[in-house]
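Novice: Sharing a structure with you now.
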Amino acid sequence: MPPTEKSESVIAWLPDLLYTGGRFESGRALICNAAGQILKVAGVAELRGEKRIRLAKRAMLPGMVNAHSHAFQRVLRGRTEYRTADKDSFWTWREMMYSAATRLTPEDVYDASRMAFLEMALHGITAVGEFHYLHHGPDGEAYDDPNLLSKEVARAAGDVGLRIALLRVAYARAGFQTEPNPKQARFIERDSQTYLRNLERLIGDVRGRALPHGRASDTAWVGLAPHSVRAVPLDYLREVITHARQHDLRVHMHVAEQPAEVSACVEEHGRTPVALLETEGLLSERFTAVHAIHVTPKAIPAFARSGAMVCACPTTERNLGDGVVPADEYLKHDVPVCLGTDSHAQIDLLEDARELEYHLRLQKLERAVLSVRSPTVGKGSPPAHALPNGRASDTAAVLFDCATINGARSIGAPGGTLEPGQAADFFTVDLDDPSIAGASPGDLLASIVFSLSRAAVREVVVGGRPVVSEGQHLIQEEVVERFNELQKRLWG
Ligand SMILES: [Zn+2]
């Protein structure tokens with residue numbers, strides 16, 4: 001049962017339409033307590049003495065969860081769209097990314113992260129999984145606090161108002177039988193003991209933060225992120241994943257993003273990355289494989305058997321020429337797929353959602369490829385496709401689940417649905433915005449998923465606290481100004 005509350009501390013948010021139980025409903029209010037938790041979704045006639053906030057001409061949806069981000073890479077936007085070699089690729093892009101990564105001060109990491117998180121908030125994202133691999137100074141020298149840069153990223157998320165899973169990266173080497181790359185010096189922790197010691201220290205420091213609203217553990221928390229089978233040798237990988245199991249921490253890992261990574265893994269271990277992870281018992285329901293593009297048909301049931309998830313990052317994957325995530329196969333096997341904006345070539349999680357579908361349409365010369373039942377996550381999840389009037393847009397519901405429920409499970413965030421007991425994390429869209437005008441309640445989700453303009457996002461609320469109002473973030477001007485200065489300094 002939801003806790004009882006004094007009515008004056010309870011807020012009733014009243015949009016025209018509210019997305020709950022897999023459908024838009026009118027005449028409903030979202031009732032939240034002072035701690036930012038949803039008490040109930042009630043009919044307007046049931047309201048008593050709650051403080052009412054009317055959101056006219058708005059539809060309210062659960063906040064989106066961005067499960068894979070490298071926030072500092074926001075500085076690269078627009079700087080890599082040219083050819084550097086005979087054939088440009090992920091690997092030539094990576095060299096350009098390293099040249100930026102080696103030049104950022106701790107304050108620059110904060111400013112770049114704040115810019116990325118601000119843009120996420122303006123798009124209706126309320127929680128982020130930050131796959132953070134910058135640990136040391138530019139020369140590879142450890143800072144006095146080995147988590148200085150992780151904390152700068154967490155501070156940026158806190159100042160913007162997003163929840164953050166700090167997925168602290170383990171990175172040991174350039175690759176199997178590969179010479180060390182000096183540009184990776186900021187990432188490297190050669191042994192698992194050093195990595196785990198620094199991870200535990202970060203967990204303690206993050207837990208100890210005092211926050212004015214909500215429980216600290218729901219605002220920022222820590223997970224593990226062995227970078228890839230390329231960057232982490234098997235013994236090291238076993239030790240960090242054992243640690244995650246013992247302490248019930250989420251594990252994220254880049255898996256099979258590029259064919260070269262797969263062939264190097266076969267050369268070193270005699271198995272593909274997914275086969276290696278499965279035969280070593282490293283997959284679990286806490287595990288999210290980021291990308292998982294270049295996989296064999298056998299790999300997909302392996303994820304299903306273990307309960308592992310996949311995080312697709314379609315806008316980055318198309319930008320880097322990575323390939324297409326076989327999301328139809330994952331969904332057929334009940335492997336939940338979540339979404340990330342990854343390199344931030346573009347920050348718009350709904351664009352990632354629609355590209356997940358559109359890439360498959362181009363590949364298969366078909367439409368509505370992902371119109372299959374989405375695996376629901378956890379007990380009490382809504383029936384994903386109970387859309388009114390028998391409308392045929394279950395594709396939109398599948399994709400929106402990827403951007404919300406599945407993302408929340410992947411990074412261990414509260415939220416993902418507007419239901420009693422959940423965090424009051426939501427965004428609203430202007431029903432008169434030209435990009436969605438004319439939609440009926442039955443068409444609205446498809447209009448939002450396939451067509452919403454960023455300008456239609458009006459309010460964003462995290463834990464009951466407004467972060468964006470009337471399409472503007474409170475500290476927007478300062479964040480943009482500081483970021484402009486940083487870009488001038490970095491690129492001239
Ligand atoms: Zn990544």
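The values are calculated or read from the model by the stated rules, or taken from the named source; none is laboratory data. Since the structure is predicted, the reported quantities are computational estimates derived from the model, not experimental observations. Cβ: placed from backbone, ideal geometry, glycine included. Neighbour counts: every protein chain shown.
Novice: Tell me, which strands (runs of 3 or more DSSP E) wholly within region 25-122 include 3 or more residues that are modelled with pLDDT of 90 or more, of a type in the set (Lys, Arg) and closer than 23 Å to Val467 by Cα?
Specialist: Values: elements: 28-32, 38-43, 51-62, 64-69.
In region 25-122, 51-62 are the strands (runs of 3 or more DSSP E) which contain 3 or more residues that are modelled with pLDDT of 90 or more, of a type in the set (Lys, Arg) and closer than 23 Å to Val467 by Cα.
Novice: Take region 84-123 and flag every residue that is loosely packed, with under 14 Cβ neighbours inside 10 Å, farther than 15 Å from Leu490 by Cα and touching a helix residue (DSSP H, G or I) at 6+ places or on another chain (Cβ under 8 Å).
Specialist: Across region 84-123, the qualifying residues are Thr84, Ala85, Trp91, Glu95.
Novice: Give just the number: which of (1) of a type in the set (S, T, N, Q); (2) crowded, with 16+ Cβ neighbours inside 10 Å; (3) more than 21 Å from the chain's Cα centre (by Cα); (4) within 23 Å of Leu277 (Cα to Cα) does Asn198 not satisfy?
Specialist: Looking at each condition in turn, Asn198 falls short on (4).
Novice: Pairs please, first residue from region 65-91 and farther than 28 Å from Ile164 by Cα and touching a residue at least 24 places away in the same chain (Cβ under 8 Å), second anywhere and of a type in the set (S, T, N, Q) and within 16 Å of the ligand (Cβ to nearest atom), Cβ atoms under 8 Å, 6+ apart in sequence or on different chains.
Specialist: Trp91/Gln258
Novice: Any idea how many residues of region 286-326 are among the hydrophobic types (A, V, I, L, M, F, W, C) and either in contact with a strand residue (DSSP E or B) (Cβ under 6 Å, 6 or more places away or on another chain) or on the phi > 0 side of the Ramachandran plot (or both)?
Specialist: If we filter region 286-326 for residues that are among the hydrophobic types (A, V, I, L, M, F, W, C), which is where we start, we get 287, 289-290, 292-293, 295, 299-300, 302-304, 308-313, 320, 324-325.
Still in the running and either in contact with a strand residue (DSSP E or B) (Cβ under 6 Å, 6 or more places away or on another chain) or on the phi > 0 side of the Ramachandran plot (or both): 287, 289-290, 292, 308-313, 325.
Result for region 286-326: 11.
Novice: Assess whether Ser26 counts as being surrounded by fewer than 16 Cβ atoms within 10 Å (Cβ to Cβ) and not aromatic (Phe, Trp, Tyr). Give the steps one after another, and end with the answer.
Specialist: On the way: surrounded by fewer than 16 Cβ atoms within 10 Å (Cβ to Cβ): yes; not aromatic (Phe, Trp, Tyr): yes.
Against the criterion (surrounded by fewer than 16 Cβ atoms within 10 Å (Cβ to Cβ) and not aromatic (Phe, Trp, Tyr)), Ser26 qualifies.
Novice: While we're here: Residues being among the polar types (S, T, N, Q) and closer than 16 Å to Arg271 by Cβ: count how many of those fall in region 218-245. Lay out the reasoning, then the answer.
Specialist: Start the filter on region 218-245 by keeping residues that are among the polar types (S, T, N, Q), which leaves 219, 228, 242.
Subsequent filtering for residues that are closer than 16 Å to Arg271 by Cβ retains 228.
Adding up the residues that qualify gives 1.
Novice: For region 51-77: of the residues being within 16 Å of the ligand (Cβ to nearest atom) and surrounded by fewer than 24 Cβ atoms within 10 Å (Cβ to Cβ), which is farthest from Met97 (Cα to Cα)?
Specialist: Of everything passing the filter in region 51-77, Arg77 is farthest from Met97 (Cα to Cα).
Novice: Hey, another quick one. Name the single residue, out of those in region 320-344 being within 12 Å of the ligand (Cβ to nearest atom) and outside any strand (DSSP E or B), that is farthest from Ser113 (Cα to Cα).
Specialist: Only one residue fits best here, namely Asp322.
Novice: When residues of region 222-236 are filtered for being buried (at least 23 other Cβ atoms within 10 Å of the Cβ) and either of a type in the set (S, T, N, Q) or part of a helix (DSSP H, G or I) (or both), how many remain?
Specialist: Within region 222-236, residues that are buried (at least 23 other Cβ atoms within 10 Å of the Cβ) and either of a type in the set (S, T, N, Q) or part of a helix (DSSP H, G or I) (or both) number 1.
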